[in-house]
């Protein structure tokens, strides 16, 4: 398989790696770069566990994204949202609202939430539920995930007000 | 109410920070020096076939391949991925007929996805490419997708040990006429004023835990077999691997990684035998085996589907004078939990209502589906779908309110529970029914929806359930726990109980803090290491808090007893005179006489001989509490669920409007976790009732092995969900707790089905109740 060198900025850090033309972003993050915080749930774009952020706010499915196409782009993973041990408001909201059980869907849910709130800072219940479609959770029945997203909206608003 | 320091508080769970950053390590996240990759070659094109020829020569020469393994290369005993063989005494196991009918690789394919051979290579990709070069020739065999087909006399036999392909029926030696229950059902049924009866179908539902199965195994240079796995039963896997590979348990280590959901999918073994067999072939090299989602689907276990016949006789006053039932399930290709589900399905039936007489037959036949094993509820969902619909039909005939009927006839304190002879110690089901009915507006809505016309019809339904808190007395119940006090008066609590995401370790930490009288943050739970953890049967039967929690409580009380005994010696008093606040032990009534727990612990560890006096500087020895806990009780939880649905009678489309789930949990140790379990259970229960089933074509090939084609309720499909925790502390559970793990799935099933009945006046007896089935039923009924 043809290989090429790409440069990704992952969580603010510029990284250069050789990738095969058929390698997905998920595979490159997990295998080449050792960033296992992004999860493989299905490999076919159906569960959302592999969601990462493109250019800070756009959730994409890393299992359906070819790594080579991401050359020069900025990627954020769940681990990169937290800074110096301080959780991002969205992450803090999932902690506060018990929106986490087995945790396998959580990184993807967090990424998706950042995306929802970037588009809709003050979403209705319906907008939250609609926005979360594509990310599957089998533990929570979504109840505490929806309240986590609501709480995240509040925390983000508080943060903007403080800035 | 007792005032607790941590019990009953929804403090942040101990693992949430690492989970919310994604840094929690699941098995697939691990990488080891020198690691190889194992790929299992599965039969994808047949559900029943014999392997005529297996040619691995081309695959073996592919770049990056280290070793190829066929069935004849494996030196291991056959096995059973289930664990019932460990849970009953050997003579009972023999009577039940539990068998070991699985091998690492097979020459007789019994379901699509059966494992044929394995490739070990330097990379996942190299292993996959080599797998494509394996040449297999098959002789297709007739495919049996129902018990009725596989039981035919001329059917191909799945194993010589189970003639007629009947994997299990209740054994006649234990149960006359292969049934259990009580009273004379035939006489009572004949004398009944009326009966309700039907044959239902219950679906093959998939657990769909989000983390696909993944393993690393290593046969190290010291001759020890190590396995990293997200099993929910590490100690059962420990002994099963040891037996399988003829190793003493001291030469097998099972390390449990973070579990990405289980719901029964990780009950017993799954891919551990395959990963370990590959590792044994390449000593010194760790081998990683990752299941794709598709593999997880077609090769791992699911719920038992099948036909479920039930007949209930009533007297005019509504008394349920007799119940008679037969659950005949489709086992799939291997035995696994054959005796378990066929058995317990009837337990939940017998334990629910005050049946005048009861007779239950449970049996299961091999079929060419992926094997059925454990799935949340373990037979209870099936019973709920059937029993609660028939009860509803009877209430309709009697003209009585379904809530009132249930209040009158459900079993309660002092009645026999799921095992005859073992009575319920507590029951708050009436309160669940009252509070649930009030929350959904039962009386008003039942009246309002009684005489609807128009295209869209609404209905409200109710269902109740009982479950279990551990498997006592039917199956082995045992958890050991060590509570070791550090020299700074913090504690390590060591036990093998699993946290599958339900928050069990947090709740166990709360129990430890409470029992020791220490702060929550003083406690560390050390689990998931078969070398340092003692025996625990594993996470099943909703036992972790009821039994595991009791083991933690007992070990911590043991440690606290020693702490107080030493304090009494230091303070020259009796232990009865002592109290502890903020980890300082005081002599009551003499505030100037005290000693800190920290000083007692430190002086036990850093214990010197004083040079001048020749005396020890304090009481020597590190304090360690221990419990090898075997419960003598079972305190089942109860629940009442209410559902409201709206049905479009032209399209059959069903919309879930609201679900109220009221649970008798005893005492919620960590309320947010209990709610979370029940809410997740509700999603799965509504899925069972409405959307979830694995479908196969006539050749036994799976038609929906993906999240797109297997429909689970998504965030927008979920109704308004209200969870009510009814707290009525149980007299026997640790701090009053009963179980809440599995229970959430059960009652929503009957509630949704009964809401459909209320909306349409028609019962749909085949789950899942899809739009197609609704339309067909309306048509058959000549409209609504």
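Bear in mind that the values in this text are calculations on the coordinates, not laboratory data. Note that the structure is a prediction, hence the values are computed from the model and not measured. A quick note on method: Cβ atoms are made from the backbone with ideal geometry, for glycine too, and the neighbour counts reach across all protein chains shown.
Name the residue, out of A:22, A:122, A:11, whose mean-square fluctuation peaks in a Gaussian network model built on chain A with Cα pairs under 10 Å.
Looking only at A:22, A:122, A:11, the biggest GNM fluctuation is shown by A:22.
Roughly speaking, what is the centre-to-centre gap between region B:509-576 and region A:1-18 when only Cα atoms are used, to the nearest Å?
50
What whole number of Å gives the distance from the Cα centroid of region A:114-144 to the Cα centroid of region B:345-378?
Between the Cα centres of region B:345-378 and region A:114-144 lies a distance of 37 Å.
Of all DSSP beta bridges in region B:478-629, what percent run antiparallel (nearest 5)?
Of the beta bridges lying entirely in region B:478-629, close to 85 percent run antiparallel.
To the nearest 0.05, how large is the calculated FRET efficiency for residue B:11 and residue B:447 if R₀ is 30 Å and r is the Cβ-Cβ distance?
0.10
What's the extension gain from residue B:630 to residue B:779 if we count 0.36 nm per residue and subtract their Cα-Cα distance?
My answer for the length gained is 48.1 nm.
Quick one: if the Förster radius is 41 Å, what FRET efficiency do residue B:646 and residue B:161 give, using the C-beta to C-beta distance and rounding to 0.05?
After rounding to 0.05, the efficiency reads 0.20.
Averaged over A:78-84, how many beta carbons belonging to a partner chain fall within 10 Å of each residue's beta carbon? Could you put the intermediate results ahead of the total?
On the way: counts 5, 5, 2, 3, 5, 0, 0.
The mean count of partner-chain Cβ atoms within 10 Å per residue comes to 3.
When DSSP assigns beta bridges and you keep just the ones with both residues in the protein assembly as shown, what percent turn out antiparallel, to the nearest 5?
Around 75 percent antiparallel, to the nearest 5.
Calculate the length of the line joining the C-alpha centroid of region B:107-127 to that of region B:49-89, in whole Å.
8
How large is the helix-only mean residue ellipticity at 222 nm for chain B, computed as the sum of -39500 (n - 2.57) over DSSP H runs with n ≥ 4, divided by its residue count, in deg cm²/dmol to the nearest 500?
Estimated from H runs of four or more residues: -8000 deg cm²/dmol.
Going by the alpha-carbon gyration tensor, a ≥ b ≥ c the square roots of its eigenvalues, is the protein assembly as shown rounded (a/c under 1.5) or, if a/c is not under 1.5, prolate (a/b greater than b/c) versus oblate?
Cα axes put the protein assembly as shown in the rounded bin.
Give, in nm to one decimal, the length gained when the segment between residue B:250 and residue B:576 is fully stretched (0.36 nm per residue of separation minus the Cα-Cα distance).
Separation in residues times 0.36 nm, less the Cα-Cα distance, equals 113.1 nm.
Using a 10 Å cut-off on Cβ atoms, rank the peptides A:103-109, B:772-778, B:218-224 from the highest mean neighbour count down. Working shown, then result.
Details: A:103-109: 30.0, B:772-778: 16.9, B:218-224: 15.1.
In descending order of packing, they fall as A:103-109, B:772-778, B:218-224.
Across the residues of B:500-510, average count of Cβ atoms on other protein chains within 10 Å?
What the average comes to for B:500-510 is 2.
Evaluate the relative contact order of region B:603-653 (contact order divided by residue number), counting alpha-carbon pairs under 8 angstrom at least 6 apart; express in whole percent. Present the calculation step by step, with values, prior to reporting the outcome.
Values: 28 pairs, mean separation 12.3, N = 51.
24 percent.
Only bridges with both residues in region B:132-273 count here: give the DSSP antiparallel percent, nearest 5.
Antiparallel: roughly 50 percent of the beta bridges in region B:132-273.
Take residue B:699 and residue B:73, extend 7 Å from each Cα along the Cα→Cβ direction, and tell me the distance between the two endpoints in nm.
Going by the 7 Å Cα→Cβ label model, 2.8 nm.
Points 7 angstrom from Cα along the Cβ direction at residue B:35 and residue B:122: gap in nanometres?
1.7
For region B:478-629, what does the alpha-carbon gyration tensor say about shape, rounded, prolate or oblate, given a ≥ b ≥ c as the root eigenvalues, a/c under 1.5 as rounded, and a/b over b/c as prolate? Present the calculation step by step, with values, prior to reporting the outcome.
Values: a/c = 2.69, a/b = 1.87, b/c = 1.44.
The shape class here is prolate.
Need one number: nm distance between label points at residue B:178 and residue B:423, each 7 Å from Cα along Cα→Cβ, rounded to one decimal.
Rounded to a tenth, the inter-label distance reads 3.5 nm.
Can you give the FRET efficiency to the nearest 0.05 for residue B:610 and residue A:13, using r as the Cβ-Cβ distance and R₀ = 45 Å?
0.20
Taking every pair of alpha-carbon atoms in region B:324-442, what share in percent sits in each 5 Å bin, from 0 to the bin with the longest distance?
It works out to 2, 10, 17, 19, 19, 14, 9, 7, 3, 0, in whole percents.
Apply the a/c threshold of 1.5 to the C-alpha gyration tensor of chain A and tell me whether it is rounded, prolate or oblate.
Cα axes put chain A in the prolate bin.
So what is the relative contact order for region A:3-81, in percent, with contacts set as C-alpha pairs under 8 Å and at least six apart?
Details: 155 pairs, mean separation 30.2, N = 79.
Rounded, it is 38 percent for region A:3-81.
May I ask you to sort B:409, B:182, B:228 by Cβ crowding, counting other Cβ atoms within 10 Å and putting the fewest first?
Sorted ascending by nearby Cβ count, the order is B:182, B:409, B:228.
Can you tell me the orientation of helix A:143-162 relative to chain A, as the angle in degrees between its alpha-carbon axis and the longest Cα principal axis, to the nearest 10?
90
Running a GNM on chain A with Cα contacts under 10 Å, which residue among A:37, A:133, A:46 ends up with the highest mean-square fluctuation?
A:133
In peptide B:770-777, what is the residue-averaged number of other protein chain Cβ atoms found within 10 Å of each Cβ?
The mean count of partner-chain Cβ atoms within 10 Å per residue comes to 0.
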